[in-house]
1. Of the numbered conditions (1) of a type outside the set (D, E, K, R); (2) open to solvent by less than 40 Å² (accessible area, probe 1.4 Å); (3) closer than 15 Å to PRO287 by Cα, TYR121 fails exactly one; give the number of that condition.
2. I'm told GLY195 meets every condition in (1) at pLDDT below 95; (2) within 16 Å of the ligand (Cβ to nearest atom); (3) of a type in the set (Gly, Ala, Ser) except one. Can you identify the failing condition by its number?
3. With respect to the numbered conditions (1) outside any helix (DSSP H, G or I); (2) open to solvent by 20 Å² or more (accessible area, probe 1.4 Å), which one is the sole condition not fulfilled by GLY62?
4. Of (1) more than 19 Å from SER258 (Cα to Cα); (2) under 19 Å from the mean Cα position of the chain (by Cα); (3) away from the ligand (no atom under 16 Å from the Cβ), LEU239 satisfies all except one. Which?
5. Would you be able to tell me the number of residues in segment 247-275 that are surrounded by fewer than 19 Cβ atoms within 10 Å (Cβ to Cβ) and of a type in the set (A, V, I, L, M, F, W, C)?
6. Please find, within segment 81-113, the residue that is nearest to the chain's Cα centre (by Cα) out of those that are farther than 23 Å from HIS150 by Cα and of a type in the set (D, E, K, R).
7. Quick one: which residue in LYS184, LYS288 is within 16 Å of the ligand (Cβ to nearest atom) and surrounded by fewer than 19 Cβ atoms within 10 Å (Cβ to Cβ)?
Amino acid sequence: MRIGVDLGGTKIEGILLSPSGEVAEKIRVDTPTRKYLETVDALCEVIDQLQLLSPSKQCSVGIGTPGALSPSNENGLELMKNCNSICLNGEPLKVDIENRLGYATRIENDANCFVLSEACYGAAVSARTVFGAILGTGTGGGIVIDKQLHTGPNRIAGEWGHNCIPSSVRELIAQDRQCYCGRKNCNETVLSGRGLKQSHLEKTGIELEAVEIARLATSGDVAAIETIQIYCKQLARCLSTVVNLLDPDMIVLGGGLSNITQLYAQVPYLMDGYVFTDNVLTMLAAPKFGDASGAIGAACLWPLV
Ligand SMILES: [Zn+2]
């Protein structure tokens, strides 16, 4: 049994994962708002409870978080960065949890945990190289090769959300979009839920949430269908750069916009002509796990023993 914990903005979900990838136990508690030490307490409490529920002696513990641990600073400390739950930023979360528990843990970004869950037990179980693309409030990603996360010295492997959308931008967006990161026309400005909303607004003058645009497109609304078609082109162009660089066997989509079924039919064909090959063989798959992927992937941060 392995323990996986997903630290979300509103919920902490902890699970016991069986060797075959079944969720044997699950605990959910509210995430303490804005208080770092309370968050550490809540995480350790969930882990302690799961250890008691486990039939094995002591389980390995993996934790998925927003943001990531920075590489060690001059004091040798790894501090959290890039978290939207800002009380975590600048805090030595891993050390504080390990001091409290008395044993080693692994901590990874939640997008990485998503890809790992799909590669180990989900849609990409048969794929050797997997790129996971999160299309939700933000645009994140991760890379898994042979069931192992690829992270890199900056711990940002797969973070394609703040790459610029490819050239010939005017084909893809009507006007420049300012990203919160300070740059313009980042992938996230078109591929996030807010990006889709903006594309529809620019085209129709109507402001709708992403989920509503997708629903209207499914029910035959012409303007919504056109917006989704533009989104498919944008996604195909952004993914084609990933394929040229990594050439993954499979791309798995995650996040709220991965529910848009049109993506799976259209995007693979729209990559033709932008990937440096005559016949694009990369598979594009919908995720198997929904909200559970963070905790399952966190458990997979440790190998089966
Ligand atoms: Zn950006």
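1. Status for TYR121: all satisfied but (2).
2. With (1) at pLDDT below 95; (2) within 16 Å of the ligand (Cβ to nearest atom); (3) of a type in the set (Gly, Ala, Ser) applied to GLY195, the lone miss is (1).
3. For GLY62, the failing item is (2).
4. (1)
5. Number of matching residues: 1.
6. GLU91
7. Details: LYS288 fails: within 16 Å of the ligand (Cβ to nearest atom).
Of the residues listed, the single one that is within 16 Å of the ligand (Cβ to nearest atom) and surrounded by fewer than 19 Cβ atoms within 10 Å (Cβ to Cβ) is LYS184.
The values are calculated or read from the model by the stated rules, or taken from the named source; none is laboratory data. Computed from a predicted model, the values in this text were never measured in an experiment. A quick note on method: Cβ atoms are made from the backbone with ideal geometry, for glycine too, and the neighbour counts reach across all protein chains shown. Ligands, DNA and RNA are excluded from the accessible area calculation, which covers all protein heavy atoms including side chains. Shrake-Rupley method; radii C 1.70, N 1.55, O 1.52, S 1.80 Å.
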